[in-house]
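Peer 1: My questions all concern the structure below.
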Amino acid sequence: MSTLTCHRGRSPAARAMILALSVIAVLLTPLPAYAAENLLSNPGFESGLDSWACPTGSVSTDARSGSGSLETAPSSTGTGECSQSLAVQPGSAYELSAWVKGSYAYIGARGDGMDEARTWTASAGSWTKLSVAFTTGPSTTSVAVYVHGWYGQPPLNADDFALSGEAGSVPDNPPAAPSGLRSDSTTATSATLSWSAPSGEVDGYRVYRDGTEVGTSSSTVFTDSGLTPETAYTYRVAAHNAAGEGPQSDPVEVSTPAPPDGSPGSRSLVGYHHSSFLNGSGYIPLADVSTDWDFVNLSFGESPGNGVVTFDRCPASECAERESDAEFQAAIEAHQAEGRKVLLSIGGANGTVRLTSAQARDNFVDTVSGIVDRWGLDGIDIDFEGHSLSLDDGDRDFRNPTTPVITNLIDALQTLTGRYGDGFALTMAPETFFVQMGYTFYGRGEWGGADPRAGAYLPVIHALRDDLTMLHVQHYNSGPIIGLDDEYHSMGTVNFHTAMADMVLNGFPIEGNPDWFFPGLREDQVAIGLPASNNAGNGFTSVGAVQQSLDCLIKGVNCGGYQPLGTYPGMRGLMSWSVNWDAFNGYEFSTAHRAYLDALP
């Protein structure tokens, strides 16, 4: 009989007392043991970093409780993640919490067969509690609980982790060693590794360079950045699960190459010459191009289809001041004699080029080579806009693209740079949508609804980074773009130029995924693309504002509201659309910025 049954003859006061005691008894009945138990080992870092994988972590005396807390230091190429793997039950609810202090602090949990759960705070000046609940998937048997900061931000502290829920069954053994460790691509400053997953349950991987752990990965791919050119490194990888870390893989030797050649000077101004068309800026004979420019890009080589590229000079009927072919050739040679590079720019706003087949790829190589040889040019500029580049559905890894228009372009450019050798200049002028937008969306995105052109230049840049002379993204004709501060920035402002350049110099995680980190380019490979006047394109920026952004990026001073993740004293310079519009505007762009660049150390 229930204790809540009211017996005849008892007074109201007695019945009330019985009811109260019954409620207290229910409240004091112990819950299942798993609800209150902390499933994490060493949650307060009282035993150092035991049970945690922390390549950049240490124990700090700045503790919320006890004697120590975790301090982890993000870098320009890593978030400073620390993680702990543990067994869980499939289809079960859990709650994770931790106390953090610092900027851009994240906690979360990830595991196979479940949606990643995370929460974060942009600023915690004092100890702040973060909590996130999650449910494991029907096949999830282990998770990795993690904390990390954000790229280039100061160190952060974390303490007093707690994970409540039902404990899982710990695997009997750690995983076996990964196999097939290899280097998929190597640049002067980075190496991308991949390997095959071992047998057994795997929660993640730890990557070792020359015997020291340098990073972790939840997938079978890892990019190690910040390397020294012309240096040999030895890598190994180990898998881990809740039972511990398994044996390391066989080693792979990686040697970084020397940086590419092909620059006329440490600082450069790049200008586009309207060679094949006439607009409101008027035609300028090539011999009359200002000597302030270091690179003169002949615009444009265009494609009638199937990868064929033609270069047709502006018709005399349109361009009354057009010089003869012989005079044009002589002007090219005169610029080269004075140290300038003259390139063929391919594409432009109206020049769609899609290499959809092997035949189109070969046609591209043959016809571009013919133009380079005909005029004795120093290299090529890839200015693919519109619908020239896009990513097929399912093409998600910029390091291993599968879309034919991407892979064929990569093959074609590698053939051309190999054919002409050292000193052949390769530059690129993508729009922000094709590069920096990759931080937010890559191709159609995780859920399939984005524009397939988003970030589509990234696999091309990455594959050619060893041969790339210069990347000058067009900081104009652009919509607002999210920077590494997770804020939108609009063209024509100091913050926009600083934030967009910072992304390609520092590198960034594709769609925010640390496992898909696009490594930054060398400083001497990066310039900012700008319109030379209000008439040249949307996003014109005054000389003063442009130089304020350069002060911030190159010298680390005079920054606006956006603070870059690094200082880049070797940054290359500026690109402008165009030589013609600059002349139309009284040579303001070339004169002012030539003087600024020449005054830099």
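The values are calculated or read from the model by the stated rules, or taken from the named source; none is laboratory data. Everything numeric in this text was worked out from a predicted model, so none of it was measured. Backbone-built Cβ (ideal geometry, glycine too); neighbour counts: all protein chains shown. Please note that ligands, DNA and RNA were not included when accessible areas were found on the heavy atoms of the full protein model with its side chains. Shrake-Rupley method; radii C 1.70, N 1.55, O 1.52, S 1.80 Å.
Peer 1: Looking for something part of a helix (DSSP H, G or I), of a type outside the set (A, V, I, L, M) and in contact (Cβ under 8 Å) with a residue 12 or more places away in the chain - is there at least one such residue anywhere in the stretch 551-558? Show your work before the answer.
Peer 2: Step one: list which residues in the stretch 551-558 are part of a helix (DSSP H, G or I), which gives 551-555.
After this cut, where a residue has to be of a type outside the set (A, V, I, L, M) as well, the list is 551-552, 555.
Retained after the next criterion (residues that are in contact (Cβ under 8 Å) with a residue 12 or more places away in the chain): 552, 555.
The answer is yes; a qualifying residue exists.
Peer 1: Listed residues SER67, SER97, SER58, SER83; which is surrounded by fewer than 17 Cβ atoms within 10 Å (Cβ to Cβ), assigned to a strand (DSSP E or B) and in contact (Cβ under 8 Å) with a residue 12 or more places away in the chain?
Peer 2: Working: SER67 fails: assigned to a strand (DSSP E or B); SER97 fails: surrounded by fewer than 17 Cβ atoms within 10 Å (Cβ to Cβ); SER83 fails: surrounded by fewer than 17 Cβ atoms within 10 Å (Cβ to Cβ).
Within the list SER67, SER97, SER58, SER83, the selection yields SER58.
Peer 1: Of everything in the stretch 135-153, what is over 26 Å from PRO90 (Cβ atoms), open to solvent by 10 Å² or more (accessible area, probe 1.4 Å) and either among the hydroxyl-bearing types (Ser, Thr, Tyr) or in contact with a helix residue (DSSP H, G or I) (Cβ under 6 Å, 6 or more places away or on another chain) (or both)? Give them in sequence order.
Peer 2: None; the set is empty.
Peer 1: Within the stretch 456-466, identify whether any single residue is out of contact with any Phe, Trp or Tyr (no Cβ under 8 Å at 6 or more places or on another chain), touching a residue at least 24 places away in the same chain (Cβ under 8 Å), of a type in the set (Lys, Arg) and over 26 Å from GLN359 (Cβ atoms), and answer yes or no.
Peer 2: So far as the stretch 456-466 goes, yes, one or more of its residues are out of contact with any Phe, Trp or Tyr (no Cβ under 8 Å at 6 or more places or on another chain), touching a residue at least 24 places away in the same chain (Cβ under 8 Å), of a type in the set (Lys, Arg) and over 26 Å from GLN359 (Cβ atoms).
Peer 1: Counting only residues that are free of Cβ contacts under 8 Å to residues at least 60 places away in the same chain and surrounded by 15 or more Cβ atoms within 10 Å (Cβ to Cβ), how many does the stretch 117-134 have?
Peer 2: 10
Peer 1: Then there's this: Among the numbered criteria (1) aromatic (Phe, Trp, Tyr); (2) at pLDDT below 95; (3) more than 30 Å from ARG399 (Cβ to Cβ), which single criterion is violated by PHE518?
Peer 2: (3)
Peer 1: Residues of the stretch 82-125 being at pLDDT below 90, of a type in the set (Asp, Glu) and touching a Phe, Trp or Tyr at 6+ places or on another chain (Cβ under 9 Å), which ones?
Peer 2: ASP115, GLU116 - these are the residues of the stretch 82-125 that are at pLDDT below 90, of a type in the set (Asp, Glu) and touching a Phe, Trp or Tyr at 6+ places or on another chain (Cβ under 9 Å).
Peer 1: I'm told ASP515 meets every condition in (1) assigned to a helix (DSSP H, G or I); (2) in contact with a Cys (Cβ under 9 Å, 6 or more places away or on another chain); (3) closer than 23 Å to SER225 by Cβ except one. Can you identify the failing condition by its number?
Peer 2: Against the list (1) assigned to a helix (DSSP H, G or I); (2) in contact with a Cys (Cβ under 9 Å, 6 or more places away or on another chain); (3) closer than 23 Å to SER225 by Cβ, ASP515 comes up short only on (2).
Peer 1: For GLY211, which of the numbered conditions (1) out of contact with any Pro (no Cβ under 7 Å at 6 or more places or on another chain); (2) farther than 21 Å from CYS54 by Cα; (3) without any contact (Cβ under 8 Å) to a residue 40 or more places away in the chain fails to hold?
Peer 2: Only one criterion in (1) out of contact with any Pro (no Cβ under 7 Å at 6 or more places or on another chain); (2) farther than 21 Å from CYS54 by Cα; (3) without any contact (Cβ under 8 Å) to a residue 40 or more places away in the chain is unmet by GLY211, namely (2).
Peer 1: Look through the stretch 307-357, keep the residues that are outside any loop (DSSP other than H, G, I, E, B) and open to solvent by 80 Å² or more (accessible area, probe 1.4 Å), and return whichever of them is nearest to LEU269 (Cα to Cα).
Peer 2: Applying the first criterion (outside any loop (DSSP other than H, G, I, E, B)) to the stretch 307-357 yields 308-310, 325-337, 341-348.
Going one step further and asking which of them are open to solvent by 80 Å² or more (accessible area, probe 1.4 Å), we end up with 327, 333, 337.
Numbers: GLU327: 24, GLU333: 19, ALA337: 17 Å.
Looking at the filtered set, the residue picked out is ALA337.
Peer 1: What about LEU193, is it open to solvent by less than 30 Å² (accessible area, probe 1.4 Å), assigned to a strand (DSSP E or B), of a type in the set (A, V, I, L, M, F, W, C) and farther than 18 Å from ARG110 by Cβ? Talk me through it step by step, then tell me what you get.
Peer 2: Numbers: open to solvent by less than 30 Å² (accessible area, probe 1.4 Å): yes; assigned to a strand (DSSP E or B): yes; of a type in the set (A, V, I, L, M, F, W, C): yes; farther than 18 Å from ARG110 by Cβ: yes.
Answer is yes for this residue.
Peer 1: Just to be sure, is GLN436 touching a helix residue (DSSP H, G or I) at 6+ places or on another chain (Cβ under 8 Å), of a type in the set (S, T, N, Q), within 28 Å of SER194 (Cα to Cα) and surrounded by fewer than 23 Cβ atoms within 10 Å (Cβ to Cβ)? Can you show your working first?
Peer 2: Working: touching a helix residue (DSSP H, G or I) at 6+ places or on another chain (Cβ under 8 Å): yes; of a type in the set (S, T, N, Q): yes; within 28 Å of SER194 (Cα to Cα): yes; surrounded by fewer than 23 Cβ atoms within 10 Å (Cβ to Cβ): no.
No.
Peer 1: Among the residues in the stretch 558-567, are any at pLDDT below 95 and within 17 Å of HIS593 (Cβ to Cβ)?
Peer 2: Taking every residue of the stretch 558-567 in turn, at least one turns out to be at pLDDT below 95 and within 17 Å of HIS593 (Cβ to Cβ).
Peer 1: Another question, if that's okay. Go over the candidates ASN580, ASN535 one by one and state the one that is in a loop (DSSP other than H, G, I, E, B), more than 17 Å from the chain's Cα centre (by Cα) and either at pLDDT below 95 or at negative phi (or both).
Peer 2: Numbers: ASN580 fails: in a loop (DSSP other than H, G, I, E, B).
After applying the criteria, what remains is ASN535.
Peer 1: Before we move on, is VAL254 of a type in the set (A, V, I, L, M, F, W, C), open to solvent by less than 40 Å² (accessible area, probe 1.4 Å), in contact with a strand residue (DSSP E or B) (Cβ under 9 Å, 6 or more places away or on another chain) and closer than 23 Å to VAL145 by Cα? First the steps, then the outcome.
Peer 2: Numbers: of a type in the set (A, V, I, L, M, F, W, C): yes; open to solvent by less than 40 Å² (accessible area, probe 1.4 Å): yes; in contact with a strand residue (DSSP E or B) (Cβ under 9 Å, 6 or more places away or on another chain): yes; closer than 23 Å to VAL145 by Cα: no.
No: the conditions fail for VAL254.
Peer 1: Would you mention how many residues in the stretch 414-428 are closer than 13 Å to VAL368 by Cβ, surrounded by fewer than 17 Cβ atoms within 10 Å (Cβ to Cβ) and either in contact (Cβ under 8 Å) with a residue 60 or more places away in the chain or among the hydrophobic types (A, V, I, L, M, F, W, C) (or both)?
Peer 2: Going through the stretch 414-428 one residue at a time, the tally reaches 0.
Peer 1: May I ask you to list the residues in the stretch 518-530 that are among the aliphatic types (A, V, I, L, M), out of contact with any Phe, Trp or Tyr (no Cβ under 7 Å at 6 or more places or on another chain) and in a strand (DSSP E or B)?
Peer 2: Residues of the stretch 518-530 among the aliphatic types (A, V, I, L, M): 521, 526-528, 530.
Checking which are out of contact with any Phe, Trp or Tyr (no Cβ under 7 Å at 6 or more places or on another chain) leaves us with 521, 526-528.
Passing the criteria: VAL526, ALA527, ILE528.
Peer 1: If you don't mind, another one. Restricting to the stretch 450-503, give me the number of residues that are among the aromatic types (Phe, Trp, Tyr) and assigned to a loop (DSSP other than H, G, I, E, B). Show your work before the answer.
Peer 2: The initial filter retains those residues of the stretch 450-503 that are among the aromatic types (Phe, Trp, Tyr), namely 457, 476, 488, 496.
Imposing the further condition that a residue be assigned to a loop (DSSP other than H, G, I, E, B) reduces the set to 457, 476.
Total meeting the criteria: 2.
Peer 1: Output the qualifying pairs, or none if there are none: Cβ atoms under 8 angstrom, residues six or more apart or on different chains, first residue in the stretch 482-503 and of a type in the set (Ser, Thr, Tyr), second residue assigned to a helix (DSSP H, G or I).
Peer 2: SER490/PHE496; THR493/ALA545; THR498/SER549; THR498/CYS552; THR498/LEU553
Peer 1: Here is a check on your reading of the model: is GLU230 out of contact with any His (no Cβ under 9 Å at 6 or more places or on another chain) and open to solvent by 40 Å² or more (accessible area, probe 1.4 Å)? Before the answer, list the steps.
Peer 2: Numbers: out of contact with any His (no Cβ under 9 Å at 6 or more places or on another chain): yes; open to solvent by 40 Å² or more (accessible area, probe 1.4 Å): yes.
Considered against the rule, which asks whether it is out of contact with any His (no Cβ under 9 Å at 6 or more places or on another chain) and open to solvent by 40 Å² or more (accessible area, probe 1.4 Å), GLU230 comes out as yes.
Peer 1: Take the residues in the stretch 177-190 that are crowded, with 16+ Cβ neighbours inside 10 Å and small (Gly, Ala, Ser); name whichever of them is nearest to the chain's Cα centre (by Cα).
Peer 2: Going through the qualifying residues, I end up with SER190.
Peer 1: Name, by its number, the condition in (1) surrounded by fewer than 18 Cβ atoms within 10 Å (Cβ to Cβ); (2) at positive phi; (3) part of a strand (DSSP E or B); (4) not hydrophobic (A, V, I, L, M, F, W, C) that does not hold for GLY91.
Peer 2: (3)
Peer 1: So is TRP516 free of Cβ contacts under 8 Å to residues at least 60 places away in the same chain, open to solvent by 10 Å² or more (accessible area, probe 1.4 Å), of a type in the set (Phe, Trp, Tyr) and under 28 Å from GLY204 (Cβ atoms) or not? Outline the logic, then answer.
Peer 2: Numbers: free of Cβ contacts under 8 Å to residues at least 60 places away in the same chain: no; open to solvent by 10 Å² or more (accessible area, probe 1.4 Å): yes; of a type in the set (Phe, Trp, Tyr): yes; under 28 Å from GLY204 (Cβ atoms): yes.
No; evaluated as a whole, the condition is false for this residue.
Peer 1: Within the stretch 374-411, restricting attention to residues that are without any contact (Cβ under 8 Å) to a residue 60 or more places away in the chain and among the small types (Gly, Ala, Ser), which residue is nearest to ALA330 (Cα to Cα)?
Peer 2: Among them, the one singled out is GLY376.
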